[in-house]
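The values are calculated or read from the model by the stated rules, or taken from the named source; none is laboratory data. Keep in mind it's a predicted model, so treat the numbers as computed, not measured. We place every Cβ from the backbone using ideal geometry, glycine too, and count neighbours over all the protein chains shown.
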Amino acid sequence: MLTRIISGAVGAALMVVVLIFHDTVMLPIAVAAMIAVMLYELLRAVKLDDHRFAPIFWAVELCGIAMPLLYQLFYDSEKEYTSKGDVDIKLVYRGEVSVIAFGITLAAAFVVFVTWLRKHKELRYEQVFFALASMVLVPQAMSTMVRIDRMDKDNGLFLLIMGLCGAWIADTGAYFTGVAFGKHKLCPEISPKKTIEGFVGGIVSTGIVYAIAFTINYDIGIGIAAFVIGMVCAVIGTVGDLSASMVKRQIGFKDYGKIMPGHGGLMDRFDSVLFVLPTFYAMMSLMEILDI
């Protein structure tokens, strides 16, 4: 228990430092480092960390690391031109970044398939497509941290914290509700401790916290919309958590890694966040478009 507490405290301290310097290049660098570790844990889970499959390993890793740095480059360029009054240039850069990101991902996928052709007697299709899915999901989802922070220069840090907390609030609410009222198992074969009562408690608690936080930071109208966003994030986060648990059970892993003693790997801590961050970003962008 002491090891778990110390490990959690160190992780929280590092996260606080990154958030303090969120408006600098430290954020994308930290996100890139997290992506590298998470991809390593996933590739290791399907035995693609073997030196025989080094091209696949490095193609996936480099593709993942490039994404948050690429988005940061876009926002730096956008800031430079909008400061000169040329607002429309950001649309040009947004298109260019999308093309570059697609090109990097396509090149990495090409390396994966060429390696598969060369090592077809040793590689299974499950490994290959797992690597491709990880290469797309993890970098794009985690890079959303940069996009959320940069979407509002005045409230970027607040939005980033709420995006991250969308999954963790649900976990906490579900835990305490499950302990107090849990009787009916949600998915006993995948996650024996999760209950339907805890699931509902996590949804409601996330909605309430979101409503209060957004009302304080904005106004009551946005707070009402945030209540719905919070509940949606809680549902999506639970799906992400269960999906990661299902993969571990089918592979035969207890934890994805040991980088956080007592907690497992980064994938064990951020499995639900992978689903929540893009959902939160999409819904906040929709609110911005609808001028809510």
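Taking the criterion of being more than 22 Å from residue 270 (Cα to Cα) and assigned by TED's automatic domain parsing to the domain that holds residue 231, would at least one residue in the range 160-180 satisfy it? Yes: one or more hits. Within the range 65-105, being of a type in the set (Gly, Ala, Ser) and either at pLDDT below 80 or surrounded by fewer than 17 Cβ atoms within 10 Å (Cβ to Cβ) (or both) holds for 77, 83, 85, 95, 98, 103.
Here's the yes/no breakdown for (1) in the same structural domain as residue 137 (by TED's automatic domain parsing); (2) over 29 Å from residue 35 (Cα atoms); (3) not in a helix (DSSP H, G or I); (4) not β-branched (Val, Ile, Thr):
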position: 193; (1), (2), (3), (4): no, no, yes, yes
position: 208; (1), (2), (3), (4): no, yes, no, no
position: 239; (1), (2), (3), (4): no, no, no, no
position: 242; (1), (2), (3), (4): no, no, no, yes
position: 247; (1), (2), (3), (4): no, no, no, no
position: 258; (1), (2), (3), (4): no, no, yes, yes
position: 275; (1), (2), (3), (4): no, no, no, yes
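So that you can scan it fast, the table gives a plain yes or no per residue for (1) surrounded by 14 or more Cβ atoms within 10 Å (Cβ to Cβ); (2) under 27 Å from residue 158 (Cα atoms); (3) among the charged types (D, E, K, R):
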residue: 206; (1), (2), (3): yes, yes, no
residue: 236; (1), (2), (3): yes, yes, no
residue: 248; (1), (2), (3): yes, no, yes
residue: 264; (1), (2), (3): yes, no, no
residue: 275; (1), (2), (3): yes, yes, no
residue: 288; (1), (2), (3): no, yes, yes
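Scanning the range 47-61 for residues being within 13 Å of residue 36 (Cα to Cα) and out of contact with any helix residue (DSSP H, G or I) (no Cβ under 7 Å at 6 or more places or on another chain) gives a total of 1.
Looking only at residues of the range 47-64 that are surrounded by fewer than 20 Cβ atoms within 10 Å (Cβ to Cβ) and not charged (D, E, K, R), we find that the one that is farthest from the chain's Cα centre (by Cα) is 51.
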